[in-house]
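Everything below concerns the one structure shown next.
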Amino acid sequence: MKVYLVGGAVRDELLGRPVGERDWVVVGATPQAMLDAGYRQVGKDFPVFLHPETSEEYALARTERKIKPGYHGFEMRFSPDVTLEEDLKRRDLTINAIAKDADGTLIDPCGGLADIEARVLRHVSEAFNEDPVRILRVARFLARFHPLGFSVAPETQARMRAMVAAGEVDALVAERVWQETDRALGEAAPEAWLRLLHDCGALARILPELDALYGVPQPEQWHPEIDTGLHMELVLQAAADLTPEPRIRFAALMHDLGKGRTPRSSWPRHIGHEERSVKLVQEVATRLRVPTDYRELAELAARWHGIAHRAAELRPRTVLKLLESCDAFRRPGRFGELLLAFEADHRGRGGMRQRPYPQAEMLRAAQQKAAAVTLSAADREGLSGEEIGKRLRRRRLAALRAPA
């Protein structure tokens, strides 16, 4: 029985990145031998074992064979005679198919070391075509490694396009699509994820509401980049500058979906796109089973971004309505997240990545001023709950109207 460190831990060590979880592959063992050695089995589809002391995952070397369409259509074989090279060759990308033995020797049957040096994401073999999740994984890895100079090999991109054309992406389950989307949004360059999925055609299958934005023009006066799809790439780039939080990045990404439903006769204007965007956010969230906190923040970003951008010219009554509708008094932390999504939208335009966004400070100051208003016991005496709310609102409005 031989044990090798494999996958991401080896790759990240070679790239000089922090190593997180470590995965191991075991060659020449049986499930019973692992149990006899004190490992605890946790795998269902194939045997995966937890080390009795470190709890790190140890998987028996295995091969995979596609036997029917879809994400689950695989037959897996594991036995003591499966070699390390066979296990590595079933993996998705060459940079993920490098192993290291106990002496530190690297085993690289797929050319991963050369591709790390060349900064290329390349598929290992024709087996790449068999698993549609690999399209999403390549896009996620590009989002992670793009700042290091990585790009996707042309032949890998061609395979991704062919898989989309063959309908493989249509078999992906909602939970896995969302899992990969959420993880990609948390990477260093999520805009690279969006661009690659659009270019290979997968975005049109898993997030057609976003894909529909490409080719839709906006007024050049406000959007020098013109194309709404490009705007979303720039928004994601700006959001990544502002926050590592995927929830805020998702809200920023979703805010303009309604522009994809604007009649061509109205282009480049998009009157009423905010409410259309809210509806589409709800549809996306339902289909992909997006967590509630993500959905709620995205709905608020879609509905209020246009008004927030005009903060300097808003009447106090409109400012108060915005604050109340965003639940800014009870949830000031979330309101701060919403302001970051607004700022990402503002900066996500051609040549404006570093432009200040004073509107955020205006709205934050307004929230603090109105939140500081309180009612004493005497103020509340003899009033119903509804009447107390009205009086509090009048005083908050007066505070917003008062000169600074």
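Listing for the model above:
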read-out	value
Hits in the stretch 364-404 (condition: in contact (Cβ under 8 Å) with a residue 40 or more places away in the chain, closer than 21 Å to residue 331 by Cα and either among the charged types (D, E, K, R) or loosely packed, with under 14 Cβ neighbours inside 10 Å (or both))	393, 396
Flag if residue 361 is of a type in the set (D, E, K, R), in contact (Cβ under 8 Å) with a residue 60 or more places away in the chain and either closer than 30 Å to residue 173 by Cβ or loosely packed, with under 15 Cβ neighbours inside 10 Å (or both)	no
Members of the stretch 86-106 that are over 26 Å from residue 168 (Cβ atoms) and either touching a residue at least 60 places away in the same chain (Cβ under 8 Å) or in a helix (DSSP H, G or I) (or both)	98, 99, 100, 101, 102, 106
Boolean, residue 109 is assigned to a loop (DSSP other than H, G, I, E, B) and modelled with pLDDT of 95 or more	yes
Boolean, residue 52 is at pLDDT 95 or above and either of a type outside the set (S, T, N, Q) or closer than 30 Å to residue 167 by Cα (or both)	no
The stretch 18-32 residues that are touching a residue at least 40 places away in the same chain (Cβ under 8 Å), paired with ones that are among the hydroxyl-bearing types (Ser, Thr, Tyr) (beta carbon under 8 Å, 6 or more apart)	25/4; 25/58; 27/4; 27/83; 30/79
Checklist (1) within 30 Å of residue 221 (Cα to Cα); (2) polar (S, T, N, Q); (3) part of a loop (DSSP other than H, G, I, E, B) applied to residue 374, failing item	(1)
Residue selected from the stretch 112-128 under the condition of a type outside the set (Val, Ile, Thr) and crowded, with 17+ Cβ neighbours inside 10 Å, by the criterion farthest from residue 14 (Cα to Cα)	127
Positions within the stretch 35-49 being more than 16 Å from residue 6 (Cβ to Cβ) and either touching a helix residue (DSSP H, G or I) at 6+ places or on another chain (Cβ under 8 Å) or not in a loop (DSSP other than H, G, I, E, B) (or both), in sequence order	35, 36, 40, 41
Those residues of the stretch 311-334 which are touching a helix residue (DSSP H, G or I) at 6+ places or on another chain (Cβ under 8 Å) and part of a loop (DSSP other than H, G, I, E, B), in sequence order	314, 326, 327, 328, 329
Every residue from the stretch 194-210 that is over 18 Å from residue 286 (Cα atoms) and either assigned to a helix (DSSP H, G or I) or basic (Lys, Arg) (or both)	194, 195, 196, 197, 198, 199, 200
So residue 79, is it more than 30 Å from residue 147 (Cα to Cα), more than 27 Å from the chain's Cα centre (by Cα) and modelled with pLDDT of 90 or more	no
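The values are calculated or read from the model by the stated rules, or taken from the named source; none is laboratory data. Given the structure is predicted, the values throughout are model-derived calculations rather than measurements. All Cβ positions, glycine included, derive from the backbone under ideal geometry; neighbour counts span all protein chains shown.
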